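What follows is calculated from the coordinates using simple rules that are stated; it is not laboratory data. Note that the coordinates shown come from a computational prediction; the quantities given were computed from them, not determined experimentally. Here the Cβ positions follow ideal geometry from the backbone for every residue, glycine too, while neighbour counts run over all protein chains shown.
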Amino acid sequence: MNNQWAANKKLNKSLLALAVSTASLGATAQANDSVDVDTPERIMVTGSRIKRINIEAPSPTVVISAEDIKLTGAQNVNDILTGMPQFSDGFDSASGNYSFGNSGLNILDLRNMGEERTLVLVNGKRPPSVSTDYQGLFADVGTIPASLIERVEVMTGGASAIYGSDAIAGVVNFILQKDFEGTKANAHVSGTQDGGHSTRSLSVTHGLNFNDDNGNFTVAFDYLSESALTQNDREKAYNYQRSVTNPNRGEGQPDKIWVKNVSPIPWGVPATIFSVYNNADGGYDWYDFDEASQDVALRARYKDMYDGWLVDAAQGYEGTRWGNIEDPFERINLFSSITHQFDSFDMAFDVTLARTESNNVIDPPFARAWMQVADVKAAFDTPASITDNFQDEDWIGFHHTFYEVGGRKHKNVREFFSSSLTFSGVYNDDWFWDVNFSSGKSMNDLENNTSLRVDRLTSQMQVAGECVEAGNCPTFSPFERQSQALTDYVIDSFIATTDSVNHAFSANLSGDVYELPAGTMQMSTGMDIRYEGIHFDPSELWSSGNLSSKKLPLDVSRNIKEAYVELLVPVLSDIPFAELVEVEAAYRVADYSTNESRFESTKLALNWSFNEEVRLRSIFSQAVRAPQLYELYAGESIGYITINDPCDEANINGGPADGRRKANCALYGIPAGWNSNIKTTRGQVRNSGNAQLKQEKANTLTVGLVYTPTELLEGLTLSVDYFDIKLKDKISEFGGQDVMQNCVDLAPNSINNMFCDLVTRKDNGDVDYVRPLSLNFDEGRVRGTDIELYYTWDALSFTFAASRLYEDSTTTQDLAEGTSETDNDAGELGRPKWASNLVTKYSLDDLTLSWTFKFKTSGRYNEDASLDFRDSDTPAHSRVHNIRADYQVSDTASVYIGVNNLTDNNGGDHWTTSRGGYNGWSILGRTGYMGVNLNF
């Protein structure tokens, strides 16, 4: 600890010295009255802090221009980027529907390595973050003013030495327009051919110069509204088709078959229903109960059902009545900026305000219970149709749906604020400095009005709670619809709030160091000081344990101090096969108040121009990701999942071959032939953070060639880049199942280990609860090749981008066996081996026509399953055609019209993609849009 204190003290001194020297240089720069107007403009590219004259950097960077964004017809920035080959599914309107607190979020995921390993920047700086439902902190690209985006630069590979933590898979840098002058407006509407998920948007931007064009003021307003796409909107929705257990499986038959036109039997049913266990068939038959006549009628036999809960639609209920495929979304963004060029420095200040609202909905709240008829008769006024048709020892399963209150709806309202103040200047024409102060806050309210109180309606459907002592409990019966008094008592509401705060200070210095024979040596150096904090209040009700789940508050923050240095050295120039050879190196050190170790990251790069046409570029980087605050300190949350108890009679002979599992279960006092209490019900898990987590580390390599012919095929640019990202010390969760198995499998004749400490059993061996645990345990690797081609010939232009994936693997350790296993999912559905975009544009006077073709290879739903496990597990390849026409009506007005997914490539054509969650296999269908642009 003393050594660590000393190291931190040295780091603090170095940061302070760097800040003082930078401030001193800034004061000197302000005293410099003259600036050489003939000095070439310096450019800062993504992946470097050096302001260079040569814009050809070693980083493989894809640039998406404002014109490229326009051609997509999308109004949400997230939708634009996730359509690129480098991106996989992050958080959007489809994924949010299956994670209640995440509807309305727009978070990017590069290379399928996880949102937490993709760094998002705005004008080269970290924007303030928003929170997910698990209190993760991420940049929400939906808060970026889309109308002011000049370009987006996407860099592959580690960049922690330049930008700090999280830049493992790469960096996405949004560059906004500066000094906008004039007024522009856009109005846009879109809709789907089959209905649902219509879009309306309006944006207005106004900018003016003042003080002899030395100052600029810009304000931008952006409104976007997207309606929901519900399960009812699509007859091919997931609830109508599934892969189910084959009732005729056997020799030569698949275990799973694809069935269509099916319906779930118990969930969301707008009627009173119950089930009765059929001993002959080994499952529950379902019955309707008519409250008026008190009669029962058989709805579906267990032997005629799929997996015990799906039936042919004619026997079931309206399976798609509840649920969204795409959540509704409404956003208002307001952005304003003011810039001014003074004699010796520049000033820029901007403010962003954003408000988003979204919600998701699933089936209504319900109560379930399994009781013998004798117990039913004792607890309720039981109709004769029950007592006459069923025996006292028969088991009845109740699934009582409170459909009168509507679906379980979660509404998310987020408010976002950020501000940034930057001073920058030039000293002696070749040294550039900037100082930035930024601050931001996001506030999220998660509202739920349909939560069932488990403390007021027990697992045996008895009314309980404070009304018992008061003597005024409303009555409940599974054989009748409930009174308003009962519903008001057992259905409750809450609002959970999450506030996240970010403050940052940065200072950067870049310039020419020394003139070498091959060119000018350049460097950059700087420091970052950041604060991030999160306050999560789940509400008194949610934290009480009186709902089906439980969440505890979280209130935590940390300080981060970082310093870096970057060097660019020209090695050779103007000799055969070496028009210019440059080497770049960078080093960054970071100190996190929540961790005892310093984080270090490095970069070594080569930029070799053989001649004017051919250039080699390569970067080797050691990148890091610091654990997020929720990963370290998340408060306890309680939920229920399916866990197979390894000590149950069905599992006790598993595990290592030496039979240690059986012996270790005996140490718990569990006898042979024991049936676990969680065999037929879900087990309780209690999740929380792990303060002992350390940083993830990654070695990343990119190697590429760029070809730009100057004579033959002039106007062509071709680049091919190989990337290899190796992640170690990956933060992975040992779930409830993993914890229980490692407890009794880890060592012979011993249950004295960390995993057994996480399992709580009662005296009789029953499982009380399990605590999952996150550890720096696994490894990951992503390898592939990116190909880009640009060609312009008069009025015709082509842009082609493709990505070939070789490996997307995770390596896990089997602690009990002492072995490791690598699972490569490249080529599996959602991780295509090939993904590509082709954009063709042709301009003729005032008319511009464009065609975009997007392609992704399909794959099996689960590569690890045997080929004959399912009768069908692979959808068709994704082929999406988009067309668009723009017409310049006048100097100030243009109109456009477009059709996306012209050939109706539909995810509903196969059960694997009918949920709508796979990028490239949308269930939206064919979409049309139109709009008008005004410029004054």
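Pop out the ³J(HN,Hα) list for segment 711-716 in order, Karplus 6.51 cos²θ - 1.76 cosθ + 1.60 with θ = phi - 60°, rounded to Hz; leave Gly and Pro as x.
10, 5, 6, 4, x, 9
Fewest Cβ neighbours within 10 Å first, please rank PHE494, PHE398 accordingly.
Numbers: PHE494 17, PHE398 21.
With the fewest neighbours first, PHE494, PHE398 line up as PHE494, PHE398.
Zone of HIS503 (label point 7 Å along Cα→Cβ, backbone N under 11 Å): which residues in segment 426-461?
Output list for this probe position: 438-440.
Extension gain ALA672-ASP757, at 0.36 nm per residue separation less the Cα-Cα distance, in nm? Spell out each step's value before the answer.
Numbers: separation 85, 0.36 × 85 = 30.60 nm, distance 2.30 nm.
In short, 28.3 nm is gained.
Relative contact order for the chain: what is it in percent, counting Cα pairs under 8 Å that are at least 6 residues apart?
11
Give me the number: length gained by fully extending ASN644 to ASN611, i.e. 0.36 nm times residue separation minus the C-alpha to C-alpha distance, one decimal in nm.
Values: separation 33, 0.36 × 33 = 11.88 nm, distance 6.38 nm.
Once the chain is fully extended between ASN644 and ASN611, it gains 5.5 nm.
Report, by chain and number, residues whose modeled amide H sits under 5 Å from the one on ASP109, excluding near sequence neighbours (fewer than 5 apart, same chain).
SER88, GLY90
If we count every other residue with Cβ under 15 angstrom of TYR306's Cβ, Lys/Arg +1 and Asp/Glu -1, where does the sum land? Present the calculation step by step, with values, prior to reporting the outcome.
Values: positive: ARG242, ARG249, LYS256, LYS260, ARG299, ARG301, LYS303, ARG870; negative: ASP255, ASP281, ASP285, ASP304, ASP307, ASP312, ASP871.
Local net charge: +1.
Gain in length, LEU516 to ASP823, computed as 0.36 nm per residue apart minus the alpha-carbon separation, to one decimal in nm? Intermediate values should be presented prior to the final figure.
Details: separation 307, 0.36 × 307 = 110.52 nm, distance 4.91 nm.
Length difference between fully extended and current span is 105.6 nm.
Quick one: Cα centre-to-centre distance for segment 428-458 and segment 328-354, in angstrom?
19
If contacts are Cα pairs under 8 angstrom and at least 6 residues apart, what is the relative contact order of segment 594-702 in percent? Walk me through the numbers before you get to the answer.
Numbers: 157 pairs, mean separation 42.1, N = 109.
Averaging sequence separation for qualifying contacts and normalising by length gives 39 percent for segment 594-702.
For segment 135-211 and segment 714-782, what is the centre-to-centre distance using only Cα atoms, to the nearest Å?
Between the Cα centres of segment 135-211 and segment 714-782 lies a distance of 36 Å.
Only counting other Cβ atoms within 10 Å, I'd like LEU108, LEU567 sorted with the fewest neighbours first.
Working: LEU108 26, LEU567 17.
Ranked by crowding around the Cβ, least crowded first: LEU567, LEU108.
Taking θ = phi - 60°, what integer Hz values does the Karplus form 6.51 cos²θ - 1.76 cosθ + 1.60 yield along segment 401-412, in sequence order, with x for Gly and Pro?
Taking θ as phi minus 60°, the curve returns 9, 8, 5, 5, 8, x, x, 6, 10, 10, 9, 10 Hz for segment 401-412.
ARG408's amide H: which non-local residues (gap 5+, or another chain) put their own amide H closer than 5 Å, with H modeled 1.01 Å from N in plane and none for Pro or chain starts?
ILE362, ASP363
If each of TRP370 and ASN749 carries a label point 7 Å out from its Cα toward its Cβ, how far apart are those two points in nm?
3.9
Given R₀ = 51 Å, what would the calculated FRET efficiency be for PHE577 paired with LEU775, taking r from the Cβ atoms and rounding to 0.05? Intermediate results must be reported in sequence, preceding the final value.
Values: r = 50 Å, r/R0 = 0.97.
So the FRET efficiency works out to roughly 0.55.
Rounded to the nearest 0.05, what FRET efficiency do MET347 and LEU934 give with R0 = 41 Å and r taken as the Cβ-Cβ distance? Could you check?
Values: r = 31 Å, r/R0 = 0.75.
Plugging the Cβ-Cβ distance into 1/(1 + (r/R0)^6) gives 0.85.
Any idea how far apart THR183 and ILE495 come out in nm if each label point goes 7 Å out from Cα toward Cβ?
Spacing of the two 7 Å Cα→Cβ label points: 3.7 nm.
When the Karplus curve 6.51 cos²θ - 1.76 cosθ + 1.60 is applied with θ = phi - 60°, which whole-Hz ³J(HN,Hα) does each residue of segment 346-363 get, with x for Gly and Pro?
Couplings: 10, 10, 9, 9, 9, 9, 10, 10, 9, 9, 10, 9, 8, 8, 10, 8, 10, 4 Hz.
Excluding the sites themselves, what is the longest stretch of the chain that contains no trypsin sites (Lys or Arg not before Pro) in a DSSP loop with at most 13 other C-beta atoms within 10 Å? List each step's numbers first, then the result.
On the way: sites that count: ARG249, ARG682, LYS762.
The answer is 250-681.
Just to be sure I understand the model, the point goes 7 Å from the Cα along the line to the Cβ. What's the resulting PHE853 to LEU838 distance in nm?
With each label placed 7 Å out from Cα toward Cβ, I get 0.3 nm.
List the chymotrypsin sites (Phe, Trp or Tyr not before Pro) in segment 495-598 that DSSP assigns to loop (not H, G, I, E or B) and whose Cβ has at most 15 other Cβ atoms within 10 Å. Which are they?
Values: sites: PHE505, TYR514, TYR531, PHE536, TRP542, TYR564, PHE577, TYR587, TYR592; in loops: PHE577.
Answer in residue order: PHE577.
Relative contact order of segment 349-470, please, whole-number percent, based on alpha carbon pairs below 8 angstrom and at least 6 residues apart.
Working: 198 pairs, mean separation 39.0, N = 122.
The normalised contact order for segment 349-470 reaches 32 percent.
Taking amide hydrogens as modeled 1.01 Å from N in the peptide plane, which residues meet the under 5 Å criterion relative to ALA228, leaving out close sequence neighbours?
Correct list: HIS197.
Excluding residues on the same chain fewer than 8 positions from LYS256, give the lysines whose Cα lies under 21 Å from its Cα.
Excluding near neighbours in sequence, the set is LYS236, LYS303.
Quick one: check the C-alpha center-to-center distance for segment 234-307 versus segment 854-874, whole angstrom.
Segment 234-307 and segment 854-874 have Cα centres separated by 26 Å.
With n ≥ 4 as the cut-off for DSSP H runs, can you work out [θ] at 222 nm for the chain, using -39500 (n - 2.57) per run divided by the number of residues, rounded to the nearest 500? List each step's numbers first, then the result.
Details: 12 runs with 96 residues, N = 936.
Helices in the chain give a 222 nm mean residue ellipticity of -2500 deg cm²/dmol.
Among the listed pairs LYS125/LYS411; LYS679/LYS762; LYS561/LYS730; LYS411/LYS551, give every one whose C-alpha distance is greater than 21 Å. Working shown, then result.
Details: LYS125/LYS411 31 Å; LYS679/LYS762 15 Å; LYS561/LYS730 23 Å; LYS411/LYS551 18 Å.
Result: LYS125/LYS411; LYS561/LYS730 exceed 21 Å.
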